[in-house]
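Undergrad: Dumping the structure here so I can ask a few things about it.
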Amino acid sequence: MKVQAVLFDNDGTLVDSTAAILRCWARWGEEHGLRAGSFDPVKVFGRPVLEVVAQVLPAESVAAAVQRYDDLEAEDTECVLLPGVADVLRALPRDRWAVVTSASRRTADARLRRVGLDAPVLITADDITRGKPDPEPFLVAAARLGVAPADCLVVEDAPAGLQAARAAGMRSIAVTTTHPASRLEADALVATLEALRVRQEPDGLLIDIAPASEPAPAPLT
């Protein structure tokens with residue numbers, strides 16, 4: 001794929017924070033009296049907490065419940081960098097990539113700091129009015145980078161994010177870290193970002209996918 005910029009989701013794409021997210025939702029659900037098994041957080045991965053909470057609690061409880069979940073996530077920032085991420089980001093010019101997450105800025109900053117990533121552009125739930133699967137988050141990121149939506153590539157792990165990418169008119173690569181391939185509708189599928197090859201060319205970025213049998217590349221210098 002020839003593109004001008006790459007927009008990455010964070011949780012499940014750049015970092016593995018699934019265990020912490022599931023812990024936070026489990027504790028949050030217990031505190032808010034949700035019946036065990038009545039709420040599956042994996043199904044809402046990639047969507048803003050505000051929109052998720054609004055679907056399961058009365059309107060008058062939403063604001064406080066969202067704040068409580070944000071506090072829980074701020075206390076549990078356990079995550080690790082996923083395979084291949086460091087090499088891909090190192091190969092990209094800093095003015096040509098962004099992180100677009102449905103987490104709050106407080107949570108996103110904490111997770112990125114934990115794994116040593118410094119995103120040149122970071123779009124969070126605090127920066128938009130409508131979250132994934134709405135295209136707004138990716139459109140805001142493209143505008144911040146000064147790149148047309150059609151010239152952006154989205155890298156995502158969640159169905160909601162991939163739906164947002166399509167709605168934004170962007171191409172996409174799905175990473176099968178949190179959902180099976182059968183649930184991911186994208187232009188290409190990879191198991192990890194180790195499969196991606198990035199090359200800067202005079203007219204843009206060439207993003208290629210290595211064959212499954214090809215060994216992982218040596219670290220870039």
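The values are calculated or read from the model by the stated rules, or taken from the named source; none is laboratory data. Keep in mind it's a predicted model, so treat the numbers as computed, not measured. Note that each Cβ is placed from the backbone with ideal geometry, even for glycine, and that neighbours are counted across all protein chains shown.
Undergrad: Counting just the residues of region 66-102 that are among the aliphatic types (A, V, I, L, M) and at pLDDT below 90, which one comes out surrounded by the most Cβ atoms within 10 Å (Cβ to Cβ)?
TA: Once the filter is applied, the top-ranked residue is 66.
Undergrad: Given the structure, is residue 71 outside the structural domain of residue 107 (by TED's automatic domain parsing), acidic (Asp, Glu), closer than 18 Å to residue 132 by Cα and more than 16 Å from the chain's Cα centre (by Cα)?
TA: Taking the combined requirement at face value, the residue does not satisfy it.
Undergrad: For region 24-46, does any single residue satisfy the condition of being at pLDDT below 85, within 17 Å of the chain's Cα centre (by Cα) and within 24 Å of residue 143 (Cα to Cα)?
TA: Yes - at least one qualifying residue is present in region 24-46.
Undergrad: Any residue in region 86-97 that's more than 14 Å from residue 119 (Cβ to Cβ): show its pairings with residues that are in a helix (DSSP H, G or I) at Cβ separation under 9 Å, as long as the two are six or more apart or on different chains.
TA: 87/193; 87/194
Undergrad: Also: Just to be sure before I move on: is residue 98 touching a strand residue (DSSP E or B) at 6+ places or on another chain (Cβ under 6 Å), closer than 23 Å to residue 209 by Cα and among the aliphatic types (A, V, I, L, M) in the structure I sent?
TA: yes
Undergrad: To continue, here is another question. Out of all the residues in region 142-176, which are outside any strand (DSSP E or B) and under 22 Å from residue 191 (Cα atoms)?
TA: Result: 157, 158, 159, 160, 161, 162, 163, 164, 165, 166, 170, 176.
Undergrad: Same structure, new question: Looking at region 38-82, which of its residues are in contact (Cβ under 8 Å) with a residue 24 or more places away in the chain, under 29 Å from residue 192 (Cα atoms) and assigned to a loop (DSSP other than H, G, I, E, B)?
TA: 45, 46, 47, 48, 76, 77, 78, 79, 82
Undergrad: Tell me the residue from 113, 166 that is of a type in the set (Lys, Arg) and farther than 17 Å from residue 14 by Cα, please.
TA: 166
Undergrad: Return the only residue of 205, 117, 112, 139 being part of a loop (DSSP other than H, G, I, E, B) and in contact (Cβ under 8 Å) with a residue 12 or more places away in the chain.
TA: Answer to the check: 117.
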